[in-house]
Amino acid sequence: MAKTSTTTQGLRAAIERSGYYPALVAEAVEAAVGGEPVRSYLVHQETTFDQNEVRRHVTVLVLTGNRFIVSHTDEQAADSTSPTPYATTSTESVKLGRISSVVVSRVVANPEQYKPGTLPREVVLTIGWGAVSRIDLEPAACGDPNCDADHGYTGNSTADDLSLRVSEAGDGPETVRQALAFAQAISEATADLAR
């Protein structure tokens, strides 16, 4: 990345440390960031097992002064569309004013012994901006156990644009710290816009 700020250099180093096609990922992220200074970032590599295949995926989250940028890169095995393995990289740029929710879920061991500043065992960061919603429906019922009338459905609609889970055991304590720092930075940025 051409910029020289400490945060931007840290982002580039984190992408390189992930070891997951760093040149490809860095180029996609740099193109999406453009000339804006990077305020905060999170790089998360995830390995999954799909039947007999190991698949890797990296998500890079970047906060600038005006935007939230999400980059996903997935690798694919050779298939009918390509005789060689390939990777797909996508980026999405969201104006900070569009972010409607930032949810941070922390999992802590032995909560009765918790001391402020103790690192959670895992963190789930969910950010919503209205691009994707999940609807969970179930049949509605009344309080009468003998009632067999159709009461329609009840459910919830949840903004579910991005949900990212990091854990100390799987990703290491530094990634958990970085996830918390990013969550705080994006929460503060969206709160500043609400004032």
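The values are calculated or read from the model by the stated rules, or taken from the named source; none is laboratory data. On a predicted model such as this, the values are computed, not experimentally measured, just so you know. Glycine also receives a Cβ, built like all others from the backbone with ideal geometry; neighbour counts cover every protein chain displayed. Heavy atoms of the whole protein, side chains included, go into the accessibility calculation; ligands, DNA and RNA do not. Shrake-Rupley method; radii C 1.70, N 1.55, O 1.52, S 1.80 Å.
The combined condition, being more than 13 Å from the chain's Cα centre (by Cα) and surrounded by fewer than 12 Cβ atoms within 10 Å (Cβ to Cβ), is fulfilled by Ala78. Selection of segment 168-182 for residues being out of contact with any helix residue (DSSP H, G or I) (no Cβ under 9 Å at 6 or more places or on another chain) and either in a loop (DSSP other than H, G, I, E, B) or over 15 Å from Val107 (Cα atoms) (or both) yields Gly172, Glu174, Ala181, Phe182. Residues of segment 21-38 that are closer than 15 Å to Lys95 by Cα and in contact with a helix residue (DSSP H, G or I) (Cβ under 6 Å, 6 or more places away or on another chain): Val38 alone.
Regarding Ala28, is this residue open to solvent by less than 50 Å² (accessible area, probe 1.4 Å), more than 20 Å from Phe182 (Cβ to Cβ), among the aliphatic types (A, V, I, L, M) and out of contact with any Leu (no Cβ under 8 Å at 6 or more places or on another chain)? No, not satisfied. Out of curiosity, is Leu193 open to solvent by 80 Å² or more (accessible area, probe 1.4 Å), farther than 27 Å from Val25 by Cα and touching a residue at least 40 places away in the same chain (Cβ under 8 Å)? Here the answer is yes, as Leu193 does meet what is asked. Just one of the listed residues (Phe68, Phe49) is assigned to a strand (DSSP E or B), open to solvent by 40 Å² or more (accessible area, probe 1.4 Å) and either of a type in the set (Phe, Trp, Tyr) or touching a Ser or Thr at 6+ places or on another chain (Cβ under 8 Å) (or both), and it is Phe49.
Scanning segment 47-77 for residues that are modelled with pLDDT under 85 and not hydroxyl-bearing (Ser, Thr, Tyr) turns up Phe49, Asp50, Gln51, Asn52, Glu53, Val54, Arg55, Arg56, Gln76, Ala77.
Condition check ((1) over 30 Å from Gly65 (Cβ atoms); (2) open to solvent by 50 Å² or more (accessible area, probe 1.4 Å)) across all residues:
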site: Lys95; (1), (2): no, yes
site: Val102; (1), (2): no, no
site: Ser105; (1), (2): no, yes
site: Pro111; (1), (2): yes, yes
site: Thr118; (1), (2): yes, yes
site: Arg121; (1), (2): yes, yes
site: Leu125; (1), (2): no, no
site: Gly128; (1), (2): no, no
